[in-house]
Structure formats: C-alpha cells, structure tokens
Amino acid sequence: MKGAKKYAVCVVDDNPEEIRRFRENLGKFFIIGAGTSISEALSDLKKQGYKKPHLFILDLYFPEGPRNTEEELIELERARQSFLEAESEFLIELTRLKLSSHGGLELARDLRERWGDIPFIFFTRKGTLEDSVRALRNGALKVIKKPDPNKKEKEGKPLSKAYDISFKNNAGKIAYEINDAIRISSWWWRNKKAVIGFLLGLLSSIIAGVIITFLI
C-alpha cells in the first residue's frame, strides 16, 4: 500500500486501549480521528484538517448506558478468554455486564440520523454471526473482526501485550478491509453498472448513427 492515498476514518470505541492499538498500527494507512463517542472522534479528525471522514469504524459491543468501570472490563476480558474455549460461558458474562450489540447498533442509528451520508463498518472482537447479520441489516458495509492473539503471540506475555502483537501482525489485513469498505461505498462503485450501461447504450447509438449515415 506504499504511496496509496490515505483516507480519513473516524474510530469510535469505548476502550482507550483499542483506540491506541488502532492509532499505533494503522496510522501509516489512514488519517485517524478517534474517541469514545462520535462527536469526540469527529472533533479529533477536525483538528487534523478534515471536516468528515470517508468511513466511520464503530465498536459493535458498545455500552448502552454509562461506561463500564475498569474492574468490569477486566472481568469481561477474563470471561472472553473462557469464551474461546466455551462460548456459552462468555455470553453469560456479557449478559451480566449488560453489554450487547444493541449499544453499537444504537450508535449506528445515531450516526445515520446526524451524518447519514457517511458510510460505516463495525470493528469488533465479540460479535457473533447473529450480530453480524443484524449489523448488516442496519446499514453497516462490513463487520471486521479485531484480531485475537494466537498461542505463539500469547506465550509468556501479559494479555494486553499479546493483543498489541496480534494487532500489529494483522495491521495490513485490517487496512485492506477498511480500504475495501471505502471503495465499495464510493459513488463509482455504487453506480458503475448504470454508468457502464449508459455509456454502452450511447456508444451503440453513435455506431448505429454512423452506419446509417454511411449507408445513406
């Protein structure tokens, strides 16, 4: 992606650590405005000279009410590790902390009401297949999974460090998915069939006109 155009994106996540990872690993690919709310992310982007982003990147499991405490987030992450071995145990913990995809979908509804012309995707670690279907039905272009550290990346390291390494190792793949989302949201991509059809029709008319003129 060397030399490629850098698009502006707004990242909204309730976890500052996830925002940090995004900035550190994807800053070379994108102009990044980030925050724990849409307004905060837009304000951050405006400081860099951009009025609006090409794409919003939203956390799917976003708190519906007050932000979770640090202690609650620690408990959530412990439960999430168990989820990798037993999905049902993790879902029980999500329910206990009142975290669900409803918060992220509400964030998306607010986004469409106030900035309806800007496309968005979800960037999540906890989303299920059902969450993804629901997100796409609610207007998301894509649901991209945040990387989980593999056995080698976790070995002998604190969990936060393992997540840092995994994000760094997958930064290129994530950047590709984000750029692809921006591409498919462009005017040309959405209208290329109609434009090509119109141009082919116009070309056919011109050719037919030339042939008729020649015959006459």
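Every read-out reported here was derived from the displayed coordinates using simple, explicitly stated rules and does not represent laboratory data. It should be emphasised that the depicted structure is a prediction, and the values quoted were computed from it without experimental measurement. Ideal geometry is used to build each Cβ from the backbone, glycine not excepted, and the neighbour counts take in all protein chains shown.
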Could you list THR95, THR36 so that the one with the fewest beta carbons within 10 Å of its beta carbon is first and the one with the most is last? THR95, THR36
Quick check on the exposure proxy: order ARG114, ARG20 from fewest to most C-beta atoms within 10 angstrom. ARG114, ARG20
Taking LYS145 as the anchor, which lysines have their alpha carbon closer than 16 Å to its alpha carbon, excluding any fewer than eight residues away along the same chain? LYS126, LYS168, LYS173
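Counting Lys and Arg as +1 and Asp and Glu as -1, each charge on the Cβ, what is the dipole of segment 1-149 about the Cα centre in debye, to the nearest 20?
1100 debye
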Residues VAL11, VAL143, sorted so that the one with the fewest Cβ neighbours within 10 Å comes first: VAL143, VAL11
Could you tell me whether segment 75-178 comes out rounded, prolate or oblate from its Cα gyration tensor? Rule is a ≥ b ≥ c as square roots of the eigenvalues, rounded for a/c under 1.5, then prolate if a/b exceeds b/c, otherwise oblate. oblate
Linear extension gain, LYS151 paired with GLU130, 0.36 nm per residue minus alpha-carbon span: 4.9 nm
Which whole-angstrom value gives the distance between the alpha carbon centres of segment 1-63 and segment 103-157? 14 Å
Once label points are set 7 Å from the Cα along Cα→Cβ at both ARG112 and ARG20, what is their separation, rounded to one decimal in nm? 3.5 nm
